[in-house]
Structures are given as structure tokens and as C-alpha cells.
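Note sheet for the following structure.
The values are calculated or read from the model by the stated rules, or taken from the named source; none is laboratory data. Given the structure is predicted, the values throughout are model-derived calculations rather than measurements. Here the Cβ is made from the backbone with ideal geometry for all residues, glycine too, and neighbour counts use every protein chain on show. Side chains included, ligands, DNA and RNA excluded: accessible areas come from the protein's heavy atoms. Shrake-Rupley method; radii C 1.70, N 1.55, O 1.52, S 1.80 Å.
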Amino acid sequence: MIEGDGIGPEQSAAAKTVLREMKNSFDLSFDLIPVEAGDRAADNYGVALPDSSLAALTKCDCCLKGPVGESAYDVIVRLRQQLKLYANVRPAKSMPNVPSLNPQTDLVIVRENTEGLYIGLEEGDDEKATATRLVTRKASERISKFAFDTACRRRKKVTAVHKANVLKKTDGLFLSACREVAKSYHNIDFRDMLVDAAAMNLIRKPDTFDVIVTTNMFGDILSDEAAQVAGGLGLAASANIGDNFA
């Protein structure tokens, strides 16, 4: 467990209470190991994610992480890269007694976690700057399969969100990969939607979505929108999942 910064320790304390109750009520067996990472670790060790913390994490089955402060990029992006956590999974579900825009909201956004604009390849000066957006078929097919498998356990609907009408090469490749994967999931209702239309429909009729699969930056933005539709970002859990770690 990484407690995190700010409200992180308070959230982590609540999570520990729930975990202890689960352990006692369901006869579960697990060890909860504290690991230092974040702003406090940066103050104490000079780095936000010490090598000793990363080594401890690689010996665990799962890491439960509270929100990290100013050093979030140095913690979560490094973990995504080092542990190959290619799927960012963000559910948005309306909860009882919590005001939401639509009480029937129950969706999951599956976001490609390793590519897109967030690879950080930027250059330029005060007059001109460029950023490189990376999309590969391998990563697009991998995240698509994850989304379709998720839909198989839910309401069996997948929406691929893209901007292939403008970004013809990058989003065109992503959409092509999604369509190819869809051919192997005959029981899944598949559709695709432009990202601006998806943003509008998340407000207008969020209950029509089940699983959304999309690229890194689009998923980052839409997941915050979906969280607010369901009642607020404080209710929105998320996960970074790979084949061997989570």
C-alpha cells in the first residue's frame, strides 16, 4: 500500500478498515505491506519512487495507491512503464443517496496507458512547440481485447472512441485495431464514436454506455467527465493493470 499525499493517508486509513473487515468476514489471507512513494518520499530520499519501494512492489501481487501530490508523474508514470500497466480502468457508477446527473450511470472507461501524447516526446521554444503522438497496432489490439473481455463480464457493449475523421493515421490505426478485435467477439455489441460526440453523450445519455475503449489522452479527459456525471471525482476509483501487476 502507498498511502500517498494530501488526503491520501485519510483515504488509506479508511481502506485499511474495509480490508480488515473483509479479511475477518470472508476468511481472506493477505499481507498489507506499507511502501513509501510520493512527495514525502521525495523529501526524505530525494526521489518520489525509491528503488527499494519499486523492488518491494514487484514482489507483491497488487498495489493499492492513494493519491500522490506534486510528484504524481514520477510515481504513477514510472510504475506504468516499469510494470507494463497498459490498461487504465476507470468505472463511473451512480451510487445510492449520491446526487448524479443520471442514476442509471454504470460504465467503465478502458484507456490505453502506454502510448498517445503522454509518452512525453515534446520539443520547442517560446515560439513553436511540437509533441509526438504514438499509436501502435500491438498496443491498440491489446487494450481492445482488455475492453472486450471486460464487456463480457458486464452488459456486453463496447464503444471505441476516437477522432479518426481528423487524425487519420493515428486514430485511424486505433480504430482499425478495435474493429479487427471485434470480429472475434460475436456476442459483443460494438460501435465507434467520435470523441466530441462521446463527450456530449456522456452528459446527454450516459446510461447507453457500458465499456468505452479509447486512447490515452481522450480516456484521461472523458473519465473525469464520467466521474462527475456519476457524482464526483472523489467517488471514482481507477486501476492501472498489466499482465503481471496491478
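Brief remarks follow.
- With R₀ set to 30 Å, the beta-carbon distance separating Ala72 from Asn24 gives a calculated FRET efficiency near 0.35.
- Residues in segment 50-82 reached by a label modelled at Ala13 [backbone nitrogen below 17 Å; 7 Å Cα→Cβ]: 66-67
- Integer Hz, Karplus 6.51/-1.76/1.60 couplings in order for segment 215-224, x for Gly and Pro: 7, 4, 6, 4, x, 4, 6, 5, 5, 5
- Accessible surface of segment 104-246, 1.4 Å probe, proportion on carbon and sulfur as whole %: 52 percent
- Value of relative contact order over the chain, rounded to a whole percent, pairs C-alpha under 8 Å and six or more apart: 24 percent
- Once backbone amide H atoms are built at 1.01 Å from N, Leu134 has Gly116, Leu117, Ile119 as its partners under 5 Å, excluding neighbours fewer than 5 places away on the same chain.
- Classified by the C-alpha gyration tensor, segment 144-246 has a rounded form. Its axis ratio a/c, with a ≥ b ≥ c, is below 1.5.
- Gyration tensor verdict on segment 100-194 (Cα atoms; rounded if a/c is under 1.5, prolate if a/b is larger than b/c, oblate otherwise): prolate
- In the chain, the DSSP-assigned H stretches of four residues or longer account for a calculated mean residue ellipticity at 222 nm of -11500 deg cm²/dmol, using -39500 (n - 2.57) per stretch and the full residue count as denominator.
- 5 angstrom amide H check on Ile212, placed H, neighbours 5+ away: Val108, Ile109, Val110, Thr159
- Cross-link check: pairs Lys16/Lys156; Lys59/Lys157; Lys138/Lys205; Lys84/Lys169; Lys93/Lys138; Lys23/Lys138 evaluated at a Cα-Cα cut-off of 28 Å; pairs beyond the cut-off: Lys16/Lys156; Lys59/Lys157; Lys138/Lys205; Lys93/Lys138; Lys23/Lys138.
- In terms of the mean number of neighbouring beta-carbon atoms within 10 Å, the peptides 75-86, 126-137, 214-225 order highest first as 214-225, 75-86, 126-137.
- Gyration tensor (alpha-carbon) shape descriptor, the chain, a/c threshold 1.5: oblate
- Our coupling estimate for segment 76-91, obtained by passing each phi through the Karplus curve with A = 6.51, B = -1.76, C = 1.60 and θ = phi - 60°, is 6, 5, 5, 5, 4, 6, 5, 9, 6, 8, 7, 10, 9, 10, 10, x Hz, Gly and Pro reported as x.
- From phi via Karplus (6.51, -1.76, 1.60), per-residue ³J(HN,Hα) for segment 129-146 in Hz, x at Gly/Pro: 9, 10, 10, 9, 10, 9, 9, 10, 5, 4, 5, 5, 5, 4, 6, 5, 4, 4
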